[in-house]
Amino acid sequence: MMRQIVLDTETTGLEPEQGHRIIEIGCVELVDRRLTGNNFHQFLQPEREIDAGAIEVHGITNEFLADKPKFCDVAQDFVAYVRGAELIIHNAPFDVGFLDHELKLMQDPQRIDTLCAVTDTLVMAKKMHPGQRNSLDALCKRYDIDNSHRELHGALLDAEILADVYLMMTGGQAALVLDDALGQQGGDESAADNIRRLAADRPPLKVIQAVESELEAHQRQLEAMGETCVWHKQP
C-alpha cells in the first residue's frame with residue numbers, strides 16, 4: 001500500500017526565524033493514488049499577530065483564530081497522521097521549515113524528514129516544464145484543472161487542488177472507472193451488464209489519409225528533431 005499525504009499550510013508571515021507561526025494545516029490522503037477522504041484539517045492559534053500582508057493572501061484574521069487550539073494541542077494527532085507517509089508539498093522547504101519550527105518550539109526532537117519522505121512538486125514541475133511558470137495556479141491552467149473557486153489561499157483547499165495537479169503530473173487517472181464499478185456492484189457479472197456494446201451493423205470508421213504535402217511536412221519535422229527522435233528508429 002502506497003500512502004501519500006498532500007499537505008499545505010498557511011502562516012502568520014514568511015519566516016519562522018522571525019517568530020512567525022502556522023495558523024492552518026490542510027492534508028489530503030491518497031492511498032494507491034486514490035483519494036480516501038481521510039483528511040486532516042486544523043486552524044491554529046499562533047500566539048502572535050498575523051502580518052497584514054499574510055491576511056491579504058489567505059484572509060484568516062486574528063479574531064477568527066482567537067478560540068482555536070495551539071499547535072501543541074494537535075501535534076500528537078498530526079504526527080500520528082503523517083508518520084510513515086510520503087508528503088507531497090508544493091515548495092516543500094517553506095512548509096517543512098515551519099513544521100520543524102513548531103516541533104522545535106515544543107522541544108520535540110522529531111523533524112518532518114524523520115517522520116516522512118517528502119516530495120516537492122515545485123521541483124518536479126521545474127524539471128518537467130523548465131523556463132515556465134510553475135505556481136499552483138499556473139499548473140492548474142496547464143493541466144486544465146478548475147480552480148475558479150480559489151479566490152484566497154487556504155491550506156485544505158490548496159492541498160485538494162495540489163492532489164489533482166500531482167496526479168496529473170505523475171500519470172493522470174490511476175485506474176479505469178470500470179474498476180470502481182466492479183467494486184461497487186460486486187464483481188464481473190454485474191459490471192458486465194453495464195458494458196455498452198457497439199452495434200454489429202454500425203458504419204465503418206472514416207479513415208482520412210495524409211496528403212503528400214502533409215507527409216513532406218511531417219518528414220521535415222522529424223529531420224529537424226535529429227537522430228534521437230524515436231520515429232527514426234521505427235522499422
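The values are calculated or read from the model by the stated rules, or taken from the named source; none is laboratory data. Predicted model only: the values in this text are computed from it and were never measured. Note: ideal-geometry Cβ built from the backbone for every residue, glycine included; neighbour counts use all protein chains shown.
Can you confirm whether Leu167 is modelled with pLDDT of 60 or more and aliphatic (A, V, I, L, M)?
In short, yes.
Give me a count of the residues in region 22-38 that are of a type outside the set (A, V, I, L, M, F, W, C) and buried (at least 22 other Cβ atoms within 10 Å of the Cβ). Please lay out each step first, then the result.
Within region 22-38, the first condition is being of a type outside the set (A, V, I, L, M, F, W, C), and the residues that meet it are 24, 26, 29, 32-34, 36-38.
Filter once more, so that each one left must be buried (at least 22 other Cβ atoms within 10 Å of the Cβ): 24, 26.
Qualifying residue count for the region: 2.
Please work out if Gln184 is modelled with pLDDT under 95, exposed (fewer than 13 other Cβ atoms within 10 Å of the Cβ) and polar (S, T, N, Q).
Working: modelled with pLDDT under 95: yes; exposed (fewer than 13 other Cβ atoms within 10 Å of the Cβ): yes; polar (S, T, N, Q): yes.
Answer is yes for this residue.
Could you list, in sequence order, the residues of region 30-58 that are in a strand (DSSP E or B), in contact (Cβ under 8 Å) with a residue 40 or more places away in the chain and of a type outside the set (A, V, I, L, M)?
Correct list: Arg34, Phe40, His41.
Regarding region 92-113, can at least one residue be identified that is aromatic (Phe, Trp, Tyr), closer than 27 Å to Asp164 by Cα and out of contact with any Cys (no Cβ under 9 Å at 6 or more places or on another chain)?
yes
Kindly provide the set of residues from region 1-20 that are crowded, with 16+ Cβ neighbours inside 10 Å and closer than 11 Å to Ala54 by Cβ, ordered by number.
Hits for region 1-20 are Glu10, Thr11, Thr12, Gly13, His20.
When you scan region 48-84, how many residues do you find that are touching a Lys or Arg at 6+ places or on another chain (Cβ under 8 Å) and over 26 Å from Cys116 (Cβ atoms)?
1
From Ala155, Ala125, grab the single residue that is under 22 Å from Gln42 (Cβ atoms) and either among the aromatic types (Phe, Trp, Tyr) or under 15 Å from the mean Cα position of the chain (by Cα) (or both). If you could, list the steps in order and put the result at the bottom.
Working: Ala125 fails: under 22 Å from Gln42 (Cβ atoms).
Of the residues listed, the single one that is under 22 Å from Gln42 (Cβ atoms) and either among the aromatic types (Phe, Trp, Tyr) or under 15 Å from the mean Cα position of the chain (by Cα) (or both) is Ala155.
Inside region 1-28, can you point out the residues that are within 20 Å of Pro93 (Cα to Cα), of a type outside the set (S, T, N, Q) and assigned to a strand (DSSP E or B)?
Across region 1-28, the qualifying residues are Ile5, Val6, Leu7, Asp8, Glu10, Ile22, Ile23, Glu24, Ile25, Gly26, Cys27, Val28.
Report yes if Ala155 is under 15 Å from Glu24 (Cβ atoms), modelled with pLDDT under 95 and either of a type outside the set (Val, Ile, Thr) or surrounded by fewer than 17 Cβ atoms within 10 Å (Cβ to Cβ) (or both), otherwise no.
Here the answer is yes, as Ala155 does meet what is asked.
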